[in-house]
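Working notes, structure below.
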Amino acid sequence: MLTRDFLRGRRRNELSDEERDALEQVIERVERLPARRTTHHRGDPVHHSTLLLSGAMCRYMDARDGYRQLVAYQVPGDFIDLHGFPLQRLDHDIATITEAEVAVVPHDRLTRLTERMPHLGRLLWFSTLIDAAMHREWIFRIGRLDAIGRIAHFVCETRARMAAIERVDADGWFDFPLTQQDLGEACGLTSVHVNRTVKRLREQGLLDLRDKRARVGDVVALSRLGEFNPDYLYLTDGFHTP
């Protein structure tokens, strides 16, 4: 089922079988996208929304000096550009990080679906509200935390999101395909600063990065460093950071 990971592990994931089937039926096609490809440009009109099925993507903005700032990191189950449904355009760019597979849903089909199933429409709205909560947390992270705190917070958040869709294996490893430059763009740091900080976390036994995967050595300690509390992710009751 293509929509299996949508709102998976969320407190308000109340999609009935009928609603999930209806969401599946409005998918027009599935596309495979190459890595490091910009798929949407700022200001372009959008007529469909895309559900990420596999791989990793990001939303970003470019500064005048050419430096990029990531404003969102997308994992499977995310409706990447659902906010473009009511807005009809995007105020940022979207790109793949790895090869990715996405399901494409035309907006006219979403309109008819939400009119026919208002509860499902509220759940789609809930999905965009989670995005907004994450944006607020990212503002806090970059505005108030030091370098080690920023990276610790981002890693803890990513681990929690991957755990919610059962993408953390029994040994604690999960996909983490970001380069040091990507991580710096997500955390407002230079690649050199990222390199030093990751090395420090590795030496403390808190973080292991290898082969585009990550493992947290001590989730409680890393969460404390990053002042990370998963409440804003609205995960199912009983979800614990460790």
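The values are calculated or read from the model by the stated rules, or taken from the named source; none is laboratory data. These numbers were taken from a predicted model, which means no experiment stands behind them. Cβ atoms come from the backbone with ideal geometry, glycine included; neighbour counts cover every protein chain shown.
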Quick check, is L15 of a type in the set (A, V, I, L, M, F, W, C), crowded, with 16+ Cβ neighbours inside 10 Å and part of a loop (DSSP other than H, G, I, E, B)?
yes
Quick one: which residue in L206, L183 is modelled with pLDDT of 95 or more, of a type in the set (A, V, I, L, M) and out of contact with any Asp or Glu (no Cβ under 7 Å at 6 or more places or on another chain)?
L183
Would you mention how many residues in the range 24-34 are surrounded by 14 or more Cβ atoms within 10 Å (Cβ to Cβ), outside any strand (DSSP E or B) and within 20 Å of the chain's Cα centre (by Cα)?
0
Name the single residue, out of those in the range 62-76 being farther than 17 Å from R136 by Cα and touching a helix residue (DSSP H, G or I) at 6+ places or on another chain (Cβ under 8 Å), that is surrounded by the most Cβ atoms within 10 Å (Cβ to Cβ).
V75
Which one of these does L209 not meet: (1) surrounded by fewer than 21 Cβ atoms within 10 Å (Cβ to Cβ); (2) free of Cβ contacts under 8 Å to residues at least 12 places away in the same chain?
(2)
Identify all residues within the range 56-77 that are in contact (Cβ under 8 Å) with a residue 60 or more places away in the chain and under 19 Å from the mean Cα position of the chain (by Cα); write none if there are none.
A56, C58, Y60, R68, Q69, L70, V71, A72, Y73, V75, P76, G77
With the condition kept exactly as written, say whether any residue in the range 95-112 is assigned to a strand (DSSP E or B), at pLDDT 95 or above and within 14 Å of E185 (Cα to Cα).
yes
Some residue of the range 168-186 being in contact with a Ser or Thr (Cβ under 6 Å, 6 or more places away or on another chain), more than 24 Å from D62 (Cβ to Cβ), among the aliphatic types (A, V, I, L, M) and crowded, with 18+ Cβ neighbours inside 10 Å:
no
How about the range 155-242: which strands (runs of 3 or more DSSP E) wholly inside it have at least 1 residues that are in contact with a Lys or Arg (Cβ under 8 Å, 6 or more places away or on another chain) and of a type in the set (D, E, K, R)?
173-175, 207-210
When L145 is run through (1) surrounded by 15 or more Cβ atoms within 10 Å (Cβ to Cβ); (2) in contact with a Gly (Cβ under 6 Å, 6 or more places away or on another chain); (3) closer than 24 Å to R59 by Cα, the failure sits at (2)
From the residues in the range 137-146 that are part of a helix (DSSP H, G or I) and touching a helix residue (DSSP H, G or I) at 6+ places or on another chain (Cβ under 7 Å), which one is nearest to G84 (Cα to Cα)?
E137
Members of the range 83-109 found to be among the hydrophobic types (A, V, I, L, M, F, W, C) and crowded, with 21+ Cβ neighbours inside 10 Å, listed by number:
I94, A100, V102, A103, V105
